[in-house]
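Everything on this sheet refers to the single structure shown next.
Bear in mind that the values in this text are calculations on the coordinates, not laboratory data. Please read these numbers as outputs of a predicted model, since none were measured by experiment. Please note: Cβ atoms are built from the backbone with ideal geometry, for glycine as well, and neighbour counts cover all protein chains shown.
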Amino acid sequence: MELLGQMMNTPMLLSSILEQAARHSADVEIVSRRVEGDIHRYTYRDCHARSMQLAQALIASGIDAGDRIGTLAWNGYRHMELYYGASGIGAVCHTINPRLFPEQIVFIVNHARDRFVFFDASFLPLVEQIAALCPHVEKWIMLCDETALPRDGAVPLASYETLIAPAADGFAWPRFSEDRAALLCYTSGTTGEPKGVLYSHRSITLMCYGSALPDSLALSAIETISPVVPMFHVNAWGIPFSATLVGAKLVLPGAKLDGESLATLFEEEGVTMSAGVPTVWLGFVDYMRRVGRTSTTFRRAVVGGAACPPHLAGALREVGVQAVHAWGMTELSPLGTVCSPSRGYAAKSEAARAAIDIKQGRAVPGIDLKIVGGDGAELPWDGTSAGDLMARGHWVAERYFGRDESPLVDGWFPTGDVATIDPDGYMHITDRSKDVIKSGGEWISSIELENIAMSHPEIAKAACIACAHPKWDERPLIVAVRREGSAVDVRQLLDFYAGKVAKWCIPDDVVFVDDLPLTATGKLQKMALRQRFGRHFTA
């Protein structure tokens, strides 16, 4: 006979995270730089009260459990209220990336069948462009008070503040299954139509606990945390939940993510830890170097979304900031690994520690990883065997929203990355499977060649792509952006590779361009580069 434990069984609901913060971290600040240009301040107690007001307003408006509530918004307090208010009543908060093409946004809104869409005033032109193409949306609600609504717009709009104002006191969050859907995010759709990932209350809560651990993001109540990664990009990597979980001061930067704006905000608010993609930190470092500043409080920058180039980690150290490498993806909610020290790390040589620091890190507790060869057999963790990276765990997607088929292979999610894992469990992505260069039967890492190019003092940005080759099948091409005032030429950059990689891995040519195309999430858009330069060696 099965013997069950005799413990309370309280469901892991996102509303409980905010409720806990309102009771135990009530006066801790949430600071937001608004699209209106000013700074808004309130506390976790206030956030909880207003999220309950929103919850009541949604119920009064006929929103039912499972209904999708879309958002087009920057990182701010009203967006955070939507995270908690919508999911707290059993509805689904669906964050939409406004940087996608309008056609993709229309597809996403219609695929999700959003009933309401809440948006920041800066996205009004986008809403006016797409509203007529989104027949399922019943209300477009601008995140503002009544006086800020446009009076002669083409789309009927409601005011957020007016919507939540009639709420009464005494609301209690409903209790339901922790497996109920809570949030919906779509992939960026760079290789086809965007795919929806539907997170549960349980999966997000468990990821928050995992991300807060000392060997993970090491979050605590003494931190002041600013998620620079947008709240429309995989829920700002879960930070609006994990920071609330530990009761940390939260600083939401709004739309201004340039180096000067971030540096000023971080200094004024005493930010100690932040998270963002490499392009954001490159802008931050460039500004700090230009004005000759070092950070006084900001000490840890989590770098994810793309590999952290070694020169960026060094540049951050120069201005007083430690780069913490992390890896994940939309389908992993998104956190998979963090490059934190393992036992014995401190005793290693400086060179050995540097070799570890460039890796994506060890699996966060709750996530398991493996690498497999072309035959599907697991490869050894020797730090050299490279194979397809697979993941499974408490917050890994089992299938995509609205699709019957599952992408899992024997219970593992294929990430699309090619990686190695060393004996200490450090995972190192050598490439995306679609970006690896197959030359004469051998694999060449495009990431490694990009990192070398970007370490050149006169190169601002660089990408490496595979180009068709009449003899070797594919050969690497560097597409680079010079720093302002630089006259570095092709030969000088190619000579820079000498001694850094095997001769047969050195790129065959360099093309200099004015800028590189980025995806809606700030990653290199290599598909566009391949379309433009893919026949470089055969044309």
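Miscellaneous remarks
- Dipole in debye (nearest 20) - the chain, about Cα centre, beta carbon charges: Lys, Arg +1; Asp, Glu -1: 520 debye
- The GluC sites (Glu not before Pro) of the stretch 310-400 that DSSP puts in a loop, and whose beta carbon has at most 14 other beta carbons within 10 Å, are E398.
- Histogram of C-alpha separations across the stretch 334-432, 10 Å bin width, %: 15, 45, 28, 9, 2, 0
- Cα long-axis angle, helix 259-269 against the chain (0 to 90 degrees, to the nearest 10): 50 degrees
- Length, then width, then depth: along the principal axes, the Cα atoms of the chain run 71, 69, 49 Å.
- Put simply, the amide H of E474, placed in the peptide plane, has neighbours under 5 Å in G440, H469, leaving out anything fewer than 5 places away on its chain.
- Bridgeable lysines around K523 (alpha carbons under 20 Å apart, same-chain partners fewer than 8 residues away excluded): K195, K256, K359, K434, K461.
- Diffusion of the stretch 456-501 by Stokes-Einstein, at 25 °C in a medium of 0.890 mPa s and with Rh set to the Kirkwood radius over alpha-carbon pairs, works out to 206 µm²/s.
- Residues in the stretch 345-372 that a label on D215 would reach, taking backbone N under 15 Å of a point 7 Å out along Cα→Cβ: 345-346, 361-369
- Per-pair calculated FRET efficiency, R0 = 22 Å: R535 and D514 via Cβ, rounded to 0.05: 0.60
- Cα→Cβ-extended label distance, 7 Å offset, between D368 and Q20, nm: 2.6 nm
- Here the simple spin-label model places points 7 Å from the Cα toward Cβ, and for E405 and A487 these points are separated by 5.6 nm.
- Near L126, once Lys and Arg are set to +1 and Asp and Glu to -1 for all other residues with Cβ below 11 Å from its Cβ, the sum equals -1.
- Averaging the sequence gap over all C-alpha pairs within less than 8 Å and six or more residues apart, then dividing by the number of residues, gives the stretch 334-432 a relative contact order of 28 percent.
- Loop-located chymotrypsin sites (Phe, Trp or Tyr not before Pro) in the stretch 309-399 (DSSP state other than H, G, I, E, B) with a sparse environment of at most 14 neighbouring Cβ atoms within 10 Å: Y345.
- Along each principal axis, taking the top coordinate minus the bottom one, the Cα set of the stretch 437-533 gives 38, 32, 20 Å in descending order.
- Net charge contributed by nearby residues that have their C-beta within less than 14 Å of A73 (K/R +1, D/E -1): 0
- From helices alone, the chain scores -8000 deg cm²/dmol at 222 nm; the rule is -39500 (n - 2.57) for each run of n ≥ 4 DSSP H residues, then divide by the residue total.
- Which of L493, F512, I437, positive extreme of dipole for the stretch 437-533 (C-beta unit charges): I437
- Longest DSSP-loop-exposure-free segment, trypsin sites (Lys or Arg not before Pro), the chain, at most 11 other Cβ within 10 Å: 152-342
- Cα centre as origin, Lys/Arg/Asp/Glu Cβ charges: the stretch 334-432 dipole, Debye: 400 debye
- With a cut-off of 13 Å between beta carbons, the residues surrounding I465 carry a summed charge of +2, where Lys and Arg count +1 and Asp and Glu -1.
- The stretch between D495 and S342, if pulled fully straight at 0.36 nm per residue, gains 51.4 nm over its current Cα-Cα span.
- Bins of 10 Å, starting at 0 and running to the largest distance - Cα pair percent for the stretch 214-343: 13, 48, 34, 4, 0
- Within the stretch 210-296, none of the chymotrypsin sites (Phe, Trp or Tyr not before Pro) combine a DSSP coil assignment with at most 13 other C-beta atoms in a 10 angstrom radius.
- Only Cα pairs under 8 Å and 6+ residues apart enter the sum, and on that basis the relative contact order of the chain stands at 10 percent.
- Pairwise FRET efficiency - R299 versus A148, Cβ, R0 = 35 Å, nearest 0.05: 0.40
- Using a Förster distance of 60 Å, the FRET efficiency for D382-F171 (Cβ separation, nearest 0.05): 0.60
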